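The values are calculated or read from the model by the stated rules, or taken from the named source; none is laboratory data. Because the structure is a prediction, the values reported are computed rather than measured. Cβ placement follows ideal geometry from the backbone for every residue including glycine, while neighbour counts extend to all protein chains displayed.
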Amino acid sequence: MSRIGKRPIEIPDQVSVEIDGQKVAVKGPKGQLERVLPPQVKVEQEDKTLRVLRRDDSRVARQRHGLSRTLVNNMVEGVSKGFEKRLQIQGVGYRAQAQGKKLILTVGYSHPVEIEMPEGVSVAVEKNTEVIVTGFNKEVVGNVAAKIRGVRPPEPYKGKGIRYAGEMVRRKAGKAGKK
């Protein structure tokens, strides 16, 4: 039995869940999400808890069990609390600024890089070098953060670039000088 899959999901008071066959819709104060789960699992609701169960004991069902539980839990957590990813910009002259639904990055290219935020995701900038991506869909927030990091990933020699908060970048020694 999957250790993650058998854990129940607590539903907060302000969140409502609708189950229609394999389709799970979750609605809360931050937004609304829905997802179609694989046919190997089923979701049952008992009062204020959700349980994700396997239909059989096949290999595919066991693989999908924990994944489905995590996906449903992320939906419930997202519409109630939301998700946040923090990125740090390091480098001389590197900075970011938020303009409405756009993030403008100045990271050493000949032009500023503009990134448009998708629906349900907002971006804030602190101290010109800290970017905070927030939203209610964990998948979209993570993808936007990865897209921002991909503009200028941290390089191993000087450590310049965009990194996740707390990310450790392994540094390399540069060239040895002539003797």
Among the residues listed as ARG64, ARG152, the single one being in contact (Cβ under 8 Å) with a residue 24 or more places away in the chain and either assigned by TED's automatic domain parsing to the domain that holds GLU44 or at positive phi (or both): ARG64
Contacts under 6 angstrom Cβ, first residue in segment 99-116 being modelled with pLDDT under 85, partner not aromatic (Phe, Trp, Tyr), 6 or more apart: VAL107/ARG152
Among the residues listed as VAL72, VAL41, VAL36, the single one being more than 30 Å from ARG152 (Cβ to Cβ), touching a Ser or Thr at 6+ places or on another chain (Cβ under 9 Å) and not hydroxyl-bearing (Ser, Thr, Tyr): VAL41
Filter result for GLN22 (within 26 Å of VAL141 (Cβ to Cβ) and of a type outside the set (A, V, I, L, M, F, W, C)): yes
Residues (in contact with a Leu (Cβ under 9 Å, 6 or more places away or on another chain) and either on the phi > 0 side of the Ramachandran plot or loosely packed, with under 13 Cβ neighbours inside 10 Å (or both)) located in segment 86-111: none
Verdict on VAL36 being under 20 Å from the mean Cα position of the chain (by Cα) and of a type in the set (Val, Ile, Thr): yes
Any strands (runs of 3 or more DSSP E) falling wholly within segment 1-118 and containing at least 2 residues that are of a type in the set (Gly, Ala, Ser) and under 23 Å from GLU167 (Cβ atoms): 95-99
